[in-house]
There are 2 protein chains.
Amino acid sequence: MARNDKSIPYKTYLDENEIPRQWYNVRADMKNKPAPLISPADGHALTLEEMNPIFCEELNKQELDNDTRFFDIPESVVDFYKMYRPSPLVRAYFLEKVLGTPAKIYYKFEGNNTSGSHKLNSAIAQAYYAKAQGLKGVTTETGAGQWGTALSMACAYYDLDCKVYMVKVSYEQKPFRREVMRTYGANVTPSPSNTTQVGKKILAEHPGTTGSLGCAISEAVEAAVTTPGYRYVLGSVLNQVLLHQSIIGLETKAAFEKLGVKPDILIGCAGGGSNLGGFASPFIGEILRGENNYEIIGVEPASCPSFTRGKFAYDFCDTGMICPLAKMYTLGSQFIPSANHAGGLRFHGISPILAQLYADKVFSVRAVEQTSVFEAAEMFARSEGILPAPESSHAIRVAIDEALKCKETGEEKVIAFNLTGTGYFDLVAYEQYNNGTMTDTIPTDEDIARGLALLPKVGNE
Amino acid sequence: MARNDKSIPYKTYLDENEIPRQWYNVRADMKNKPAPLISPADGHALTLEEMNPIFCEELNKQELDNDTRFFDIPESVVDFYKMYRPSPLVRAYFLEKVLGTPAKIYYKFEGNNTSGSHKLNSAIAQAYYAKAQGLKGVTTETGAGQWGTALSMACAYYDLDCKVYMVKVSYEQKPFRREVMRTYGANVTPSPSNTTQVGKKILAEHPGTTGSLGCAISEAVEAAVTTPGYRYVLGSVLNQVLLHQSIIGLETKAAFEKLGVKPDILIGCAGGGSNLGGFASPFIGEILRGENNYEIIGVEPASCPSFTRGKFAYDFCDTGMICPLAKMYTLGSQFIPSANHAGGLRFHGISPILAQLYADKVFSVRAVEQTSVFEAAEMFARSEGILPAPESSHAIRVAIDEALKCKETGEEKVIAFNLTGTGYFDLVAYEQYNNGTMTDTIPTDEDIARGLALLPKVGNE
């Protein structure tokens with residue numbers, strides 16, 4: 001029985017002085033580099049000078065650097081990390097027992113901080129660089145509210161203004177998220193809103209829309225470039241975010257090495273890519289360098305299936321079509337998923353790094369339906385004692401599926417997944433699931449075709 | 001600067017094999033034992049046989065045992081503890097910096113589990129004994145919802161039915177707590193309700209009441225004794241609960257010993273007593289045995305000041321006056337505090353163990369107003385990155401006050417407090433504070449006198 005296997009503790013914590021001092025940049029090990037951000041006007045690759053009015057300068061340097069393998073983490077950020085890191089690598093003995101599987105399941109738990117997720121790892125880095133640049137504040141969007149909360153916490157720490165555009169469906173379903181952000185001093189606006197030109201335009205064209213990350217990005221970018229002393233920051237998709245989030249994978253790798261265990265399968269959910277990318281990239285680096293082999297699985301919602309039904313093409317990151325173009329798997333910037341509750345996975349595109357790695361077949365992706373995701377979430381909550389966020393529960397679903405396969409085959413595979421968030425602000429969705437009123441909303445082929453028909457010509461011809 | 005004091009880590013975790021294997025029973029070291037529970041009819045001390053129809057048998061043995069210093073923790077409970085224990089002892093470097101104090105502040109963080117509080121420590125023990133006795137289910141009350149959530153999790157683990165009466169004001173202010181409990185399979189009823197005789201009576205006498213722990217206890221006890229195969233379990237007040245919660249203080253003591261640090265001041269909030277009693281009792285034991293000296297401070301809300309304005313007397317634990325009498329500091333079982341948001345501290349009485357220790361001047365108590373509590377909560381959230389529960393924030397308030405005194409005197413006192421819960425389900429209260437609409441509600445002398453006038457004659461003459 002797994003629970004009597006005393007050689008592996010339930011929770012493995014690294015020591016504080018084992019917190020990584022450098023972030024890992026997987027681009028340095030990629031043969032096919034991710035495509036650069038380009039101008040929607042003429043398709044030229046954006047330069048540092050062109051990006052500096054939108055984003056913080058030091059972050060732009062990180063964004064454009066495909067070669068440096070490791071970046072030093074500023075001392076002040078390491079200090080802040082000690083508030084909630086190292087996070088534990090947990091052996092899911094209780095879940096294994098419920099499943100009756102010979103598989104050995106592990107999860108890296110990133111939800112033990114008040115932002116409720118891994119987003120704080122990049123938020124504090126971005127706030128640090130904004131402060132170092134002498135900025136007054138930053139703007140951003142948030143889907144499920146986790147990124148906005150994380151950024152609010154980071155801005156409170158560095159005494160920066162924080163202006164958050166929150167996807168309207170999440171704003172309404174998670175009213176308490178707003179209060180957490182306000183407690184940390186942030187200003188929160190439901191998106192689309194009337195506070196920006198692009199928001200007004202979207203509202204006029206789609207009255208009654210529940211919003212999307214793409215809309216909220218447009219508004220936040222507009223607010224940043226039109227307010228002196230502000231820049232825009234983003235919690236996913238960008239290369240810099242995957243860089244900062246690599247701390248998850250680095251700690252995971254270090255913990256596995258400490259235990260003398262090699263994972264066979266690594267699983268992360270995929271919305272914009274910060275979860276999967278942060279967790280898997282140090283392992284992907286080993287694959288790319290030919291040092292080791294792992295099965296890496298991304299999991300996306302069937303309601304917003306960028307990888308599995310999207311197209312690898314240049315596209316706008318935002319619905320308002322005011323941002324640079326990124327090459328990614330996309331459903332089209334005008335694709336607005338139905339009101340799926342996994343707010344953080346509602347993005348139409350994906351990190352360009354992950355897009356390139358997927359195109360190069362370094363990992364696979366599965367699309368799962370949300371009722372099956374909540375079934376897995378509830379099983380996990382009851383056995384492991386943590387109420388998971390819907391986003392993370394996508395990874396739990398596939399981890400359970402893989403563990404059940406092992407039950408059939410008798411294989412003792414080591415399965416690891418990234419549990420990035422807690423579900424304390426997702427109780428509206430849990431209530432629907434508990435009441436049996438939750439449904440699955442999968443776009444039709446026509447929905448997908450309609451989204452893809454509107455891809456820009458620039459970059460794709 | 002405190003943050004450069006590298007000898008003490010930000011977070012100290014014991015190893016899994018250092019989880020205490022025994023609970024500590026402070027009664028064994030008390031010269032003046034806590035007064036026994038007595039019958040409201042004739043004042044005789046209740047026997048095991050009389051208690052067994054209400055509570056689980058093994059728990060009754062623990063309840064009545066004033067002599068055994070240590071109780072073995074069942075192996076299955078130790079296993080479950082490994083799901084979320086050991087909990088960290090955190091050095092509050094960030095808070096110290098914000099305060100500019102020479103004091104060294106530590107907190108034991110018990111909120112890192114889905115129940116959001118320390119309540120799980122006793123819930124799993126009580127569920128274990130209920131299961132071992134072959135029961136079908138248990139009933140209970142919950143104030144802030146933390147105990148109910150903890151018990152739901154524990155019952156899910158041992159496959160027991162769980163029926164929770166939730167104080168109506170909390171039920172309404174914390175709608176999502178209900179969904180967490182339901183996710184763990186519990187049945188939740190707002191109290192007072194029409195599902196019990198005592199509930200109907202209270203509703204008839206006090207239409208529009210927002211409820212109290214005392215009312216909810218009456219309903220839960222009635223439901224237990226009228227349903228075959230059920231017993232009543234309680235999350236605070238009782239001796240057995242302080243016994244189980246001693247694991248907090250035992251771990252805290254072990255962590256301090258590991259660090260080579262001796263705390264000067266230990267602070268816990270006091271509602272029913274599980275927080276303060278669990279945290280402080282192993283230290284109190286050292287005081288009682290003459291081995292060491294500490295300043296122990298309990299903190300209660302000024303809106304429900306049992307210790308500081310109540311009377312040390314026998315009283316009903318419940319509003320419906322159907323339970324045995326306990327000798328405690330009480331405001332009278334008919335005292336219903338105004339709708340203070342610190343739901344878990346709304347109880348009119350206190351643990352008989354703590355009552356006796358307070359009468360013997362082993363510790364002191366301060367009553368604090370809730371706006372000052374939320375001020376402390378916000379300062380803590382912004383500096384330490386954890387959104388605290390209002391209950392725990394009472395302790396934070398006094399820890400900050402003591403640290404500010406050290407700033408004046410230059411003393412480098414070691415201040416430790418028990419951070420038992422997170423505030424993710426208390427956002428209605430945070431919203432009021434953020435909006436500036438929170439008020440302090442302190443009972444008048446007439447309110448207090450009215451409550452005390454109704455103390456029973458039995459046991460007090």
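Some notes on this structure:
- Dipole check for the protein assembly as shown: with +1 at the C-beta of Lys and Arg, -1 at the C-beta of Asp and Glu, and the Cα centre as origin, the magnitude is about 200 Debye.
- Other copies of B:Gly134: label-to-label distances in nm, shortest first, labels 7 Å along the beta-carbon direction: 7.9
- Annotation: aspartates and glutamates with alpha-carbon distance below 19 angstrom to B:Lys457 (same-chain offsets under eight excluded): B:Asp42, B:Asp315, B:Asp318.
- Using a 1.4 angstrom probe on protein heavy atoms only, the contact between B and A buries about 4300 square angstrom of accessible area, both sides summed.
- Axis of helix B:213-225 versus longest Cα principal axis of chain B: the two differ by about 50°, to the nearest ten degrees.
- Shielding by other protein chains, B:288-300, mean Cβ within 10 Å: 0
- Test item: Cα-centred dipole of region B:15-156, Lys/Arg +1 and Asp/Glu -1 on Cβ, debye: 620 debye
- For region B:27-43, Karplus couplings with θ = phi - 60° (6.51, -1.76, 1.60), whole Hz, Gly/Pro x: 4, 4, 9, 8, 6, 8, 6, x, 5, x, 5, 10, 6, x, 6, 9, x
- Rounded to 10°, Cα long-axis angle of helix A:146-158 versus longest principal axis of chain A: 70 degrees
- With helices as the sole contributors, chain B gives -12500 deg cm²/dmol at 222 nm; each DSSP H run of n ≥ 4 counts as -39500 (n - 2.57), and the sum is divided by every residue.
- When the protein assembly as shown is reduced to its Cα atoms, the Kirkwood hydrodynamic radius in Å: 28.2 Å
- With each label modelled as a point 7 angstrom along the Cα→C-beta vector, the B:Thr437-A:Thr195 pair spans 2.0 nm.
- Compared with its chain on its own, region B:353-384 contains the following residues whose accessible area drops by 30 Å² or more in the full protein assembly (probe 1.4 Å; ligands, DNA and RNA excluded): B:Arg382.
- Given R0 = 22 Å, the distance between the Cβ atoms of B:Asn293 and B:Asp72 translates into a calculated FRET efficiency of 0.15.
- Ranking A:Phe176, B:Phe283 by solvent-accessible area of protein heavy atoms (1.4 Å probe, all protein chains present), from largest to smallest, gives A:Phe176, B:Phe283.
- Summary of the geometry: region B:299-329 and region B:421-447, compared by the centres of their Cα atoms, lie 22 Å apart.
- Reach of A:Lys407 by Cα under 13 Å, taken over aspartates and glutamates that are not fewer than 8 positions away in the same chain: A:Glu96
- Computed from backbone phi with θ = phi - 60° and the Karplus coefficients 6.51, -1.76 and 1.60, the 3J(HN,Hα) list for region A:239-255 is 4, 4, 5, 4, 4, 5, 6, 4, 4, 5, x, 5, 5, 4, 4, 4, 5 Hz; x is used for glycine and proline.
- Under a model in which nothing but the beta-carbon of Lys, Arg (+1) and Asp, Glu (-1) is charged, region B:42-104 shows a dipole of about 960 debye around its Cα centre.
- Within region B:258-378, the percentage of alpha carbon pairs spaced more than 18 angstrom apart rounds to 52%.
- Rounded to the nearest 10 square angstrom, A:Arg178 shows an accessible area of 50 square angstrom against a 1.4 Å probe.
- Distance from region A:8-28 to region B:132-148 (C-alpha centre basis), Å: 39 Å
- The other copies place their A:Asp15 label points at 1.3 nm from this one, listed shortest first, where each point is 7 Å from Cα along Cα→Cβ.
- Residue-level result for chain B: its Cβ closest to the axis carrying B onto A, with that distance in Å, is B:Tyr424, 2.
- Think of region A:288-361 as having a plus end and a minus end, set by charges on the Cβ of Lys, Arg, Asp and Glu; of A:Ile297, A:Tyr358, A:Ala313, A:Ala313 sits farthest toward the positive end of this dipole.
- Other protein chain C-beta atoms within 10 Å of residue C-beta, averaged over A:176-184: 6.
- Considering only A:Tyr107, A:Ala130, A:Thr68, the residue lying farthest towards the positive end of the dipole of region A:62-146 is A:Tyr107, judged by Cα position with unit charges set on Cβ.
- Label-to-label distances for A:Gly436 across copies, nearest first, come out at 5.0 nm, using points 7 Å from Cα in the beta-carbon direction.
- Listed residue (B:Ala403, B:Leu427, B:Ser372) projecting farthest to the positive dipole end of region B:350-461, Cβ model: B:Ala403
- Distance from region A:59-122 to region A:168-215 (C-alpha centre basis), Å: 28 Å
- Amide H within-cut-off set for A:Gln22, under 5 Å, with H built and near neighbours excluded: A:Ile73
- B:Tyr171 accessible area, 1.4 Å probe, all protein chains in place, Å² to nearest 10: 50 Å²
- Only protein heavy atoms count here; on that basis, with a 1.4 Å probe, A:Met181 has an accessible area of about 0 Å².
- Cross-link partners for B:Lys61 among the lysines, with Cα-Cα distance under 24 Å and sequence neighbours closer than 8 places in the same chain left out: B:Lys31, B:Lys33, B:Lys119, B:Lys131, B:Lys136, B:Lys163, B:Lys327.
- Alpha-carbon Debye profile of chain B, log10 I(q)/I(0) at 0.08, 0.11 Å⁻¹: -0.40, -0.80
The values are calculated or read from the model by the stated rules, or taken from the named source; none is laboratory data. Here the structure is a predicted model, which means the values were calculated and not measured. Don't worry about glycine lacking a Cβ; one is built from the backbone with ideal geometry, like all the others, and counts go over all protein chains shown. Just the protein is used for accessible areas: all its heavy atoms, side chains included, with ligands, DNA and RNA removed. Shrake-Rupley method; radii C 1.70, N 1.55, O 1.52, S 1.80 Å.
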